[in-house]
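What follows is a set of notes on a single structure, which appears directly below.
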Amino acid sequence: MRPLHFRWRYIALPLVILVVSVTMAAIFYARLPADLAYHFTDGSPDRWMHRAFFLAWMLVPQFLFAGLAAGIVGGVIRLAGPRQPRPGAERILGVMGNMVALPQVVLSFAMTNIFSYNAYGAQIMPLWLFTVIAMALSGIVLGTFFILTLKQTLVKR
(Lines give C-alpha, C1' and ligand atoms only; values in the text may rest on other atoms or scores of the structure.)
Protein backbone atom coordinates (compact mmCIF):
# COMPACT_ATOMS: atom_id res chain seq x y z
CA MET A 1 0.00 0.00 0.00
CA ARG A 2 1.29 3.48 -0.83
CA PRO A 3 1.14 6.70 1.23
CA LEU A 4 -1.92 8.92 0.83
CA HIS A 5 -1.85 11.45 -1.99
CA PHE A 6 -4.39 14.08 -2.96
CA ARG A 7 -7.06 12.87 -5.36
CA TRP A 8 -9.70 15.11 -6.90
CA ARG A 9 -12.35 12.52 -6.08
CA TYR A 10 -11.83 13.34 -2.38
CA ILE A 11 -13.46 16.74 -2.97
CA ALA A 12 -15.46 16.06 -6.15
CA LEU A 13 -18.94 16.75 -4.73
CA PRO A 14 -18.09 20.16 -3.22
CA LEU A 15 -16.44 21.20 -6.49
CA VAL A 16 -19.37 20.01 -8.63
CA ILE A 17 -21.89 21.80 -6.42
CA LEU A 18 -19.76 24.96 -6.54
CA VAL A 19 -19.64 24.86 -10.36
CA VAL A 20 -23.39 24.19 -10.59
CA SER A 21 -24.16 27.07 -8.21
CA VAL A 22 -21.97 29.54 -10.09
CA THR A 23 -23.48 28.40 -13.40
CA MET A 24 -27.04 28.82 -12.09
CA ALA A 25 -26.19 32.29 -10.80
CA ALA A 26 -24.79 33.27 -14.19
CA ILE A 27 -27.80 31.90 -16.05
CA PHE A 28 -30.43 33.45 -13.79
CA TYR A 29 -28.77 36.82 -13.13
CA ALA A 30 -30.27 38.61 -16.15
CA ARG A 31 -33.75 37.19 -15.43
CA LEU A 32 -33.89 38.46 -11.84
CA PRO A 33 -35.32 41.78 -10.68
CA ALA A 34 -33.00 44.28 -8.98
CA ASP A 35 -34.42 43.39 -5.55
CA LEU A 36 -35.08 39.74 -4.70
CA ALA A 37 -37.61 38.36 -2.26
CA TYR A 38 -35.60 35.97 -0.08
CA HIS A 39 -37.72 35.37 3.01
CA PHE A 40 -41.30 34.15 3.01
CA THR A 41 -44.06 33.98 5.58
CA ASP A 42 -47.04 31.79 4.66
CA GLY A 43 -45.80 31.73 1.06
CA SER A 44 -45.66 35.52 0.72
CA PRO A 45 -42.37 37.43 0.54
CA ASP A 46 -41.63 39.68 3.50
CA ARG A 47 -37.91 40.48 3.10
CA TRP A 48 -36.03 41.77 0.08
CA MET A 49 -32.37 42.11 -0.87
CA HIS A 50 -30.45 43.51 -3.85
CA ARG A 51 -29.59 40.71 -6.28
CA ALA A 52 -25.81 41.37 -6.30
CA PHE A 53 -25.66 41.21 -2.51
CA PHE A 54 -27.85 38.11 -2.51
CA LEU A 55 -25.57 36.34 -5.00
CA ALA A 56 -22.53 37.19 -2.91
CA TRP A 57 -24.41 35.97 0.17
CA MET A 58 -25.05 32.63 -1.55
CA LEU A 59 -21.83 32.10 -3.52
CA VAL A 60 -19.16 33.14 -1.02
CA PRO A 61 -20.11 30.30 1.37
CA GLN A 62 -20.00 27.88 -1.56
CA PHE A 63 -16.37 28.85 -2.23
CA LEU A 64 -15.58 28.66 1.48
CA PHE A 65 -17.08 25.17 1.79
CA ALA A 66 -15.13 23.93 -1.25
CA GLY A 67 -11.97 25.41 0.26
CA LEU A 68 -12.79 23.79 3.59
CA ALA A 69 -13.12 20.39 1.89
CA ALA A 70 -9.73 20.83 0.22
CA GLY A 71 -8.24 22.00 3.53
CA ILE A 72 -9.59 19.00 5.43
CA VAL A 73 -8.27 16.53 2.87
CA GLY A 74 -4.92 18.30 2.55
CA GLY A 75 -4.55 18.51 6.33
CA VAL A 76 -5.27 14.82 6.85
CA ILE A 77 -2.85 13.85 4.07
CA ARG A 78 -0.17 16.10 5.56
CA LEU A 79 -0.74 14.66 9.03
CA ALA A 80 -0.49 11.12 7.68
CA GLY A 81 2.88 11.89 6.11
CA PRO A 82 4.80 9.10 4.39
CA ARG A 83 3.33 6.38 6.61
CA GLN A 84 1.32 3.56 5.15
CA PRO A 85 -2.41 4.23 5.61
CA ARG A 86 -4.68 1.71 7.23
CA PRO A 87 -7.15 -0.20 5.07
CA GLY A 88 -10.13 1.96 4.22
CA ALA A 89 -8.25 5.24 4.75
CA GLU A 90 -8.85 6.43 1.19
CA ARG A 91 -12.56 5.72 1.49
CA ILE A 92 -12.77 7.60 4.78
CA LEU A 93 -10.81 10.51 3.28
CA GLY A 94 -13.28 10.64 0.40
CA VAL A 95 -16.21 10.72 2.81
CA MET A 96 -14.57 13.42 4.94
CA GLY A 97 -13.85 15.66 1.96
CA ASN A 98 -17.22 15.17 0.30
CA MET A 99 -19.28 15.51 3.49
CA VAL A 100 -18.98 19.28 3.16
CA ALA A 101 -21.34 18.96 0.20
CA LEU A 102 -24.41 18.67 2.49
CA PRO A 103 -24.55 22.35 3.50
CA GLN A 104 -23.59 23.27 -0.05
CA VAL A 105 -26.57 21.34 -1.42
CA VAL A 106 -28.91 23.12 0.99
CA LEU A 107 -27.48 26.53 0.04
CA SER A 108 -27.70 25.68 -3.64
CA PHE A 109 -31.33 24.63 -3.26
CA ALA A 110 -32.14 27.82 -1.32
CA MET A 111 -30.60 29.87 -4.11
CA THR A 112 -32.49 27.92 -6.79
CA ASN A 113 -35.76 28.24 -4.89
CA ILE A 114 -35.34 32.00 -4.52
CA PHE A 115 -34.36 32.33 -8.19
CA SER A 116 -37.45 30.32 -9.14
CA TYR A 117 -39.76 32.54 -7.09
CA ASN A 118 -38.26 35.80 -8.34
CA ALA A 119 -37.97 34.78 -12.00
CA TYR A 120 -41.16 32.71 -12.38
CA GLY A 121 -43.30 33.39 -9.30
CA ALA A 122 -43.24 29.82 -7.97
CA GLN A 123 -41.28 28.14 -5.18
CA ILE A 124 -40.04 24.58 -5.66
CA MET A 125 -40.66 23.41 -2.07
CA PRO A 126 -40.13 24.79 1.43
CA LEU A 127 -36.48 24.97 2.45
CA TRP A 128 -37.09 23.11 5.71
CA LEU A 129 -38.57 20.13 3.82
CA PHE A 130 -35.66 19.98 1.40
CA THR A 131 -33.20 20.18 4.31
CA VAL A 132 -34.88 17.27 6.11
CA ILE A 133 -34.84 15.17 2.93
CA ALA A 134 -31.18 16.01 2.25
CA MET A 135 -30.18 15.18 5.82
CA ALA A 136 -32.04 11.86 5.74
CA LEU A 137 -30.48 10.85 2.42
CA SER A 138 -27.00 11.88 3.51
CA GLY A 139 -27.45 9.91 6.74
CA ILE A 140 -28.27 6.83 4.70
CA VAL A 141 -25.27 7.36 2.41
CA LEU A 142 -22.92 8.07 5.32
CA GLY A 143 -24.20 5.00 7.19
CA THR A 144 -23.62 2.86 4.10
CA PHE A 145 -20.06 4.14 3.69
CA PHE A 146 -19.40 3.57 7.39
CA ILE A 147 -20.63 -0.04 7.23
CA LEU A 148 -18.66 -0.78 4.04
CA THR A 149 -15.48 0.74 5.48
CA LEU A 150 -15.94 -1.14 8.73
CA LYS A 151 -16.38 -4.42 6.83
CA GLN A 152 -13.31 -3.71 4.71
CA THR A 153 -11.23 -2.89 7.79
CA LEU A 154 -12.34 -5.96 9.72
CA VAL A 155 -11.84 -8.35 6.79
CA LYS A 156 -8.24 -7.20 6.10
CA ARG A 157 -7.09 -7.63 9.72
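Spin-label pair SER138-ARG86: with each label point 7 Å from Cα along the Cα-Cβ axis, the two points sit 2.5 nm from one another. If R0 equals 35 Å, the separation of the Cβ atoms of GLN152 and VAL16 corresponds to a calculated FRET efficiency of about 0.85. Expressed as a whole percent, the accessible area of the range 102-157 that falls on carbon and sulfur atoms is 78 (1.4 Å probe). Computed with a 1.4 Å probe over protein heavy atoms only, the accessible surface of the chain comes to 61 Å² per residue.
Can you list the residues, at least 5 places off or on another chain, whose amide H is less than 5 Å from the amide H of LEU36, using H built in the peptide plane? The list, which skips near neighbours in sequence, is MET49, HIS50, ARG51. Here the accessible area is traced with a 1.4 Å probe on the protein chains. For the range 1-57, carbon and sulfur cover 65 percent of it. In sequence order, the range 89-98 has phi-based couplings of 5, 5, 5, 5, 4, x, 5, 4, x, 8 Hz under the Karplus curve 6.51 cos²θ - 1.76 cosθ + 1.60, θ = phi - 60°, and Gly or Pro positions carry x. Estimated purely from DSSP H runs of n ≥ 4, each contributing -39500 (n - 2.57), the mean residue ellipticity at 222 nm for the chain is -23500 deg cm²/dmol once divided by its residues. Against the set (i) 1.46; (ii) 1.28; (iii) 1.19, the structure's computed Cα Rg over 2.2 N^0.38 Å falls on (ii).
The values are calculated or read from the model by the stated rules, or taken from the named source; none is laboratory data. As the structure is a computational prediction, the values presented were derived from the model and not from experiment. In this analysis, Cβ positions are derived from the backbone assuming ideal geometry, glycine residues included, and neighbour counts consider all displayed protein chains. These accessible areas exclude ligands, DNA and RNA; they are computed on the full protein's heavy atoms, side chains included. Shrake-Rupley method; radii C 1.70, N 1.55, O 1.52, S 1.80 Å.
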